[in-house]
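Step one of this worksheet: look at the structure below.
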Amino acid sequence: MQILDGKKAAQAIQSELKIEVAELNVDGKKIPHLAAILVGNNGASETYVAAKVKACAEVGFKSTLIRLDADISEMKLLDAVENLNNDPDVDGILVQLPLPKHISDENVINAIDPDKDVDGFHPVNVGKMLQGMPTFVPATPHGIMLLLEHYKIETKGKHAVVVGRSNIVGRPMSVLLSSNTNPGNCTVTICHSQTKNIKEFCLQADIIVAALGKPEFVTADMVKEGAVVIDVGITRLEDSTRKSGYKLKGDVAFETVAPKCSWITPVPGGVGPMTIAALMKNTYRSCMMKN
Ligand code: BQF
């Protein structure tokens, strides 16, 4: 069993970006600028936004963090998005999800200029991705593709089983893995909460992407010998022995599944850091397209 080290792969990608940014500086060109909007003070969201702002600093991007109260109106949030749409210095806009219940994710996503939608959630960009056109691909599935590429994992003709059908991970992941690209060219099965006999599907998988958000859902009896296992789960479980007060659990029972795998991602340090690296790549690309 070998580890798909997302922390290392993300560092390699971010080191390349850092060099590109240094060149932009030398040439007196515009530096990529990511703007993030954080509504409220959800603990996990705070951590994710902080990781994004830190990554921007590390690669030499500009970043702006806009913090809004949890009880802000949807209209005010839409105004904040519109201001960023109209700011010529801003290349990428992200609104950290989840949003408070009184705000519609859909309305907010639709308000982002598709040319600045570095999360790739706007329907225009989803449509482009589906057609294999160049666009912003959602950071988590994009990051997983970069990880497979980094470790030169053979995917052509393989059977990939994606567990989970979210707009943010499962569905775009299934599109990317089945596309005529490298990595890609997989035969893809999507399993979800209404799938009967998930175990039987998983047992036929050369590649499993577990993205359903249930800690340790994928167990050793569901995994074929030699499979590649990608764990997207990052549930916070209480752990009083840690100073943070929690530990992260993936959707895969790592201890027992790992010995059966050819490759497996750890949690933390697997898909998570790749998500950040993919967001940085999208932001760089947005800046290049406009300049
Ligand atoms: C790691 C996310 C669920 C809902 C909304 C590094 C991240 C996570 C883990 C991170 C995630 C998950 C992000 C690790 C961003 C990934 O070392 O394992 C980084 O910051 N992520 C998000 O912005 O919104 C989410 C998961």
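The values are calculated or read from the model by the stated rules, or taken from the named source; none is laboratory data. Since this is a predicted model, take the numbers as computed values, not measurements. As a convention, Cβ positions derive from the backbone with ideal geometry for all residues, glycine included, and neighbour counts pool all protein chains shown.
Per-residue answers, yes or no, for (1) under 21 Å from Ser174 (Cβ atoms); (2) buried (at least 23 other Cβ atoms within 10 Å of the Cβ); (3) within 16 Å of the ligand (Cβ to nearest atom); (4) among the acidic types (Asp, Glu):
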position	(1), (2), (3), (4)
Lys199	yes, no, no, no
Leu203	yes, no, no, no
Ala211	yes, yes, yes, no
Ala227	yes, yes, no, no
Glu238	no, no, no, yes
Thr241	no, no, no, no
Ser244	no, no, yes, no
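For the stretch 48-66, state whether one or more residues are out of contact with any His (no Cβ under 9 Å at 6 or more places or on another chain) and either at pLDDT below 95 or of a type in the set (Phe, Trp, Tyr) (or both).
Within the stretch 48-66, the first condition is being out of contact with any His (no Cβ under 9 Å at 6 or more places or on another chain), and the residues that meet it are 48-55, 57-60, 65-66.
Checking the rest, the ones that are also either at pLDDT below 95 or of a type in the set (Phe, Trp, Tyr) (or both) come to 48.
Taking every residue of the stretch 48-66 in turn, at least one turns out to be out of contact with any His (no Cβ under 9 Å at 6 or more places or on another chain) and either at pLDDT below 95 or of a type in the set (Phe, Trp, Tyr) (or both).
Within the stretch 109-143, being part of a helix (DSSP H, G or I) and farther than 26 Å from Val162 by Cβ holds for Ala111, Asp115, Lys116. Among the residues of the stretch 126-168, those that are among the small types (Gly, Ala, Ser) and more than 19 Å from Ala277 (Cα to Cα) comprise Gly127, Gly132, Gly157, Ala160, Gly164, Ser166. Would you confirm, using the coordinates I've provided, whether Arg165 is closer than 26 Å to Lys128 by Cβ and basic (Lys, Arg)? It is true that Arg165 is closer than 26 Å to Lys128 by Cβ and basic (Lys, Arg).
The residue that is surrounded by the most Cβ atoms within 10 Å (Cβ to Cβ), counting only those in the stretch 17-50 that are within 16 Å of the ligand (Cβ to nearest atom) and within 15 Å of Cys287 (Cα to Cα), is Leu34.
If a residue counts only when it is modelled with pLDDT of 95 or more and under 19 Å from Lys260 (Cα atoms), which strands (runs of 3 or more DSSP E) contained entirely in the stretch 144-236 have at least 2 such residues?
159-163, 207-210, 228-231
Figure legend. Inter-residue proximity from the stretch 255-277: first residues more than 8 Å from the ligand (Cβ to nearest atom), second residues acidic (Asp, Glu), beta-carbon distance below 7 Å, spacing 6+ or different chains. Indicated pairs: Lys260/Glu225; Thr265/Asp231.
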